[in-house]
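Below is one structure, written out as structure tokens, with a few remarks after it.
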């Protein structure tokens with residue numbers, strides 16, 4: 001019965017071959033956790049090796065930007081002024097003092113912050129309008145002072161629009177809800193001219209508001225006089241005459257009141273320090289930009305050199321061959 005037993009038996013000498021050192025190193029490299037600190041050191045190594053170059057470039061850029069900003073760039077000065085719209089209550093007080101104490105107490109019902117806000121928005125709209133700025137430039141002969149000489153040969157329409165854009169860029173208007181005031185500012189290379197042009201802006205704004213008030217009051221008086229001729233009721237005629245008297249008082253107030261429509265809290269002034277250029281900011285910005293660009297250039301050169309001389313690492317680990325078992 002010995003022949004009927006299975007005779008499957010492995011050779012006693014067969015065993016698994018040991019792993020080679022190359023295969024062990026490849027498997028270790030594949031299973032190893034990435035070390036980001038080593039990568040960061042590898043990236044910063046070229047910069048550390050060339051720190052003197054980075055320092056020299058940064059210092060030169062900072063000094064050059066400082067000197068150019070301080071001695072070559074045009075200095076711009078800022079003129080500032082603060083005005084505050086007149087409320088109807090304040091207008092009524094002026095009117096009572098100037099015109100014999102007329103009873104206009106009902107105007108105080110309209111006083112409020114909303115009036116100041118609406119008036120301020122109206123004033124800002126007038127100050128930045130094309131018609132107002134072009135009229136100001138023409139009246140005070142500012143075109144030669146504002147417009148560059150290269151644009152003097154253009155047409156009248158082109159010069160007007162160019163002047164309007166330049167003036168609009170230099171003029172700034174801000175309304176403060178807290179103080180109910182308008183802050184006006186104007187930039188110019190000349191301190192005296194900036195202060196003078198801002199004064200023109202304020203004076204011309206007042207004159208425009210004054211002429212509009214006088215014109216509206218005169219139109220209202222003329223209209224009421226036409227209506228009173230068609231009315232026979234004495235009571236209604238008395239009320240119309242009171243309205244006519246009120247409109248005449250409005251017209252007289254607008255003509256004689258020096259602080260009509262708004263008061264000047266701060267007359268135009270121009271500090272002695274320029275607002276532009278910011279020398280220190282320009283110098284530090286130039287140094288930082290030079291540092292960043294030089295660092296990027298060094299890293300690119302280093303990466304190109306390493307990629308040219310680097311030996312490719314085998315992506316696939318060496319295969320491990322195991323001897324097959326033989327079946328007897």
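The values are calculated or read from the model by the stated rules, or taken from the named source; none is laboratory data. The shown structure was predicted, so the numbers you read here are calculated from the model rather than taken from an experiment. FYI the Cβ positions are ideal-geometry reconstructions off the backbone, even for glycines, and counts take in every protein chain you see.
Quick notes on this structure:
- Checking each residue in the stretch 147-169 for being in contact (Cβ under 8 Å) with a residue 24 or more places away in the chain and closer than 25 Å to residue 191 by Cβ picks out 163, 164, 167, 168.
- For the stretch 147-176, the tally of residues that are more than 13 Å from residue 201 (Cβ to Cβ) and either surrounded by fewer than 16 Cβ atoms within 10 Å (Cβ to Cβ) or out of contact with any helix residue (DSSP H, G or I) (no Cβ under 6 Å at 6 or more places or on another chain) (or both) stands at 17.
- Qualifying position, being modelled with pLDDT of 90 or more, in contact with a strand residue (DSSP E or B) (Cβ under 6 Å, 6 or more places away or on another chain), under 23 Å from residue 276 (Cα atoms) and not in a loop (DSSP other than H, G, I, E, B), among 166, 197: 197
- Criterion violated by residue 84 - all others in (1) over 23 Å from the mean Cα position of the chain (by Cα); (2) part of a helix (DSSP H, G or I); (3) modelled with pLDDT of 70 or more; (4) under 19 Å from residue 208 (Cα atoms) satisfied: (2)
- Looking only at the stretch 170-194, and only at residues there that are under 19 Å from the mean Cα position of the chain (by Cα) and free of Cβ contacts under 8 Å to residues at least 12 places away in the same chain, the one that is nearest to residue 141 (Cα to Cα): 174
- Restricting the stretch 112-139 to residues that are farther than 15 Å from residue 184 by Cα, in contact with a helix residue (DSSP H, G or I) (Cβ under 9 Å, 6 or more places away or on another chain) and in contact (Cβ under 8 Å) with a residue 12 or more places away in the chain, the residue that is surrounded by the fewest Cβ atoms within 10 Å (Cβ to Cβ): 139
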